[in-house]
Amino acid sequence: MTKPPKDLLASKDVLHPRNPHRERYDFPELIKASPALAAFVQVNQFGNESVDFANPAAVTALNQALLKHFYGIANWDIPAGYLCPPIPGRADYLHYLADLLADSNGGVIPRGKTISVLDIGVGANCIYPIIGHQAYGWRFVGSETDPVALAAARNIVAANPALMGSVDCRLQPEASHLLTGVVKRGEVFDAVMCNPPFYPSLAAATAGTHRKTANLGKGRRPAPVRNFGGQDSELWYPGGEEAFVRNLVKESEEIPTSSFWFTALISQSQTLPGIYKELQWAEAVDVRTIEMAQGQKKSRLVAWTFLTPEQQAARRVSRWAKAK
């Protein structure tokens, strides 16, 4: 039998310790949860059960099974052509975010609906609010510039009783804004999170999609560490992720007490110096970088706060003391 490449053998042992997706997919159990997945499961060239990650229908079916088995979400779907996210990596962001909150709370993760998180760019898949609420009980606000994606996210929430009343999906009326127009006057969050568009232009996004699809079609089908599909607004932003996060820093500086922590997932290490420079100019009180990894894919979580130690202590008493 052909020896699997090292990235396949690496499994997912570098995922966060609380991430339930650290082991290889248990397809028999996933099929029990979602029988529709069975039609897409096949034995690959290495003798392992898998799905064709070049097939959008297969990836969607896998996500539906994962969400039902691990998170109790029975009704999940996305419009054709929209981002179908890799759930293990998305879950990692939330578990590291929980650690960040715990580090500011005497080592205890604040849980429950008194904890409020803003997800910038919730997408049609609504994946971060789903995992965050089901894992920690947090309440979410999800912003979105695309009306079709917004409607799809709202449909997911409406179709799953576990999410109703805990996820508020809001339209961002201005695509050039991130916080402005979404955060209401006097509204306070415990964390802001975002997974910025990776590419700096439509041309770069198109080339990247072609390259990814070609690689998948050649039989190199590792664990789903990359996104499949995606609309323009999901894949690219003028100036790429660095410009996106620098704009987020500028807007967060304008409403510094609206969130305890502001965070962003960074894919490219070369964008970090520019982001750090922007944070220095904004005079953030505390800046942290949390390394994340899944197999060959490396990323990091950059977090910053404008709250002084005294403000942080007051926020803990006013909001987190009630969290369970």
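Derivation of every value follows stated rules applied to the coordinates shown; laboratory data play no part. Note that the structure is a prediction, hence the values are computed from the model and not measured. Because the Cβ atoms are built from the backbone with ideal geometry, glycine has one as well, and the counts that use them run over all protein chains shown.
List of remarks:
- By average C-beta atoms within 10 angstrom, highest first, the peptides 176-186, 142-152: 142-152, 176-186
- Spacing of the two label points (7 Å from each Cα toward its C-beta) at VAL285 and SER318, in nm: 1.2
- In this structure, ASN48 and LYS297 have a Cβ-Cβ separation that, at R0 = 25 Å, corresponds to a calculated FRET efficiency of about 0.80.
- If you plug the beta carbon distance of GLU29 and VAL148 into 1/(1 + (r/R0)^6) with R0 = 51 Å, you get a FRET efficiency near 0.95.
- Residues VAL108 and VAL188, FRET efficiency given R0 of 22 Å [Cβ-Cβ distance, rounded to 0.05]: 0.65
- Label zone at THR257, where the point sits 7 Å out along the Cα-to-Cβ direction: the stretch 144-186 residues whose backbone N lies under 13 Å: 186
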